[in-house]
1. What distance in nm separates the simple spin-label points at Gln197 and Thr246, each placed 7 Å from Cα in the Cβ direction?
2. HN-Hα J couplings of region 126-131 from phi, Karplus 6.51/-1.76/1.60, θ = phi - 60°, integer Hz, Gly and Pro as x?
3. Give me Rg/Rg_expected for the chain, where Rg uses Cα atoms only and Rg_expected = 2.2 N^0.38 Å with N residues.
4. Taking amide H positions as placed 1.01 Å from N in the peptide plane, with prolines and chain starts having none, which residues 5 or more places from Lys207, or on another chain, fall under 5 Å of its amide H?
5. Work through the residues other than Ser110 whose Cβ is under 12 Å from its Cβ and net out their charges, Lys, Arg +1 and Asp, Glu -1.
6. Taking 0.36 nm per residue of sequence separation and subtracting the Cα-Cα distance, how much length would be gained by fully extending the chain between Tyr65 and Asp48, in nm to one decimal?
7. Provide the solvent-accessible area of Thr220, counting protein heavy atoms only and rolling a 1.4 Å probe, rounded to the nearest 10 Å².
8. Just to verify a number: what accessible area does Val212 come out at with the full protein assembly present, 1.4 Å probe, Å² rounded to tens?
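The values are calculated or read from the model by the stated rules, or taken from the named source; none is laboratory data. Since this is a predicted model, take the numbers as computed values, not measurements. Glycine gets a Cβ as well: all are built from the backbone with ideal geometry, and neighbour counts include every protein chain shown. Ligands, DNA and RNA are excluded from the accessible area calculation, which covers all protein heavy atoms including side chains. Shrake-Rupley method; radii C 1.70, N 1.55, O 1.52, S 1.80 Å.
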Amino acid sequence: MSLTSLSTTSINPTKTRVFSGTRATGRLHLGNYLGAVKGYLDLQNNPDFDCIYMAMDAHTITTPYDAHGLAQASREVVMDYLAAGLDPDKAVITLQSLVPEHMELAFLFSSVVSVAKMQHLPTFKDKVKQHPDNVTMALLNYPILMAADILIYQAALVPTGIDQEPHIEVAREIARRMNDLYGTNFPEPKRFTTATQYVPSLTGAGKMSKSVEGSSINLTDSLDTIRKRLATCPTDGGQGEVLPTTGGVANLLTFVEIFQGQARRAAYEADYLGKGLRYGDLKAELAEAIFAYLAPIREKRSALEQDLSLVDRIIKQGAEAARTIASATVAMTKKQMGFYGQN
Ligand code: TRP
């Protein structure tokens, strides 16, 4: 991550373009890392791809958020990206709001999307349930902004979880509609599944998520915090005739497999079906294993904390590289849509 080579960060038009991002709500957790960022790493390290990764801070404001913490939360995402191995020499890394063209393109796109279509998306309905008093236009527009994030770079591939598929479909529909109506040339993006893992929640239900209190372990958590998090994971009597396939115990076993290997999991399973499984021991060992697994990320993260101006320069350079493409796409789109002054 030298600064001299940083200045060469650019976007190569001949490669397959990849775009992805993480809603900027603070530090990344294990689910973000194993479920997404590890996949970003593989793509950045593959010379066939040209990758752009951002902290999606404009998406953060689609649900209630803390304005005093937004800038810091956004920088935390970038720092965790860098600590996890994303490299500004290999990928464009920045913040969404520093490329305001995303928001401009989203407004243009909103003219080809019906309100009813957005209201019927499962992701929208889920958020309405979570925040019934905050059903804003920004929330309704979430998928349109996401389509703009992707299409503004003509990205072909979007490494992201299956839960984002409805949004990628919206992006494809917008691309088709814009191309039909205005003769633009947006490619239809595809969701891309990388060699990532599904990381369950510590609450026993669903996937690890920042928005569900107590469900996650952050990349930079202390051993003590990891222990406390695991302690809250619900368990049972530790013995039975069949292994649970859902809930806290199933999730703990998944964690054991990820961080301690298949053999350790098999041993615990045998205990469960036989003499009984002691969750206290399992959780203590697992906490150590997770903590050790995260050591390299933690070390890189603390080095970055000593050099915040480097982080800020990476963000700024990434934004400049991204804006070169983004502004060209917006100009092309406005021209095709008939706006004044676009030659
Ligand atoms: N909606 C994505 C999520 O919650 C975050 C996101 C915003 C995104 N814009 C994007 C992901 C564009 C991929 C591409 O995970």
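1. Roughly 2.2 nm, to one decimal.
2. These are the phi-based 3J(HN,Hα) values: 4, 5, 4, 5, 5, 10 Hz.
3. On the way: Rg = 21.6 Å, N = 343, 2.2 N^0.38 = 20.2 Å.
Against the empirical 2.2 N^0.38 Å value, I get 1.07 for the chain.
4. Result for Lys207 returns Ser201.
5. Numbers: positive: Lys117, Arg177; negative: Glu104.
Summing Lys and Arg as +1 and Asp and Glu as -1 gives +1.
6. Values: separation 17, 0.36 × 17 = 6.12 nm, distance 3.76 nm.
Full-extension gain reported as 2.4 nm.
7. Number for this one is 30 Å².
8. Looks like 70 Å² after rounding.
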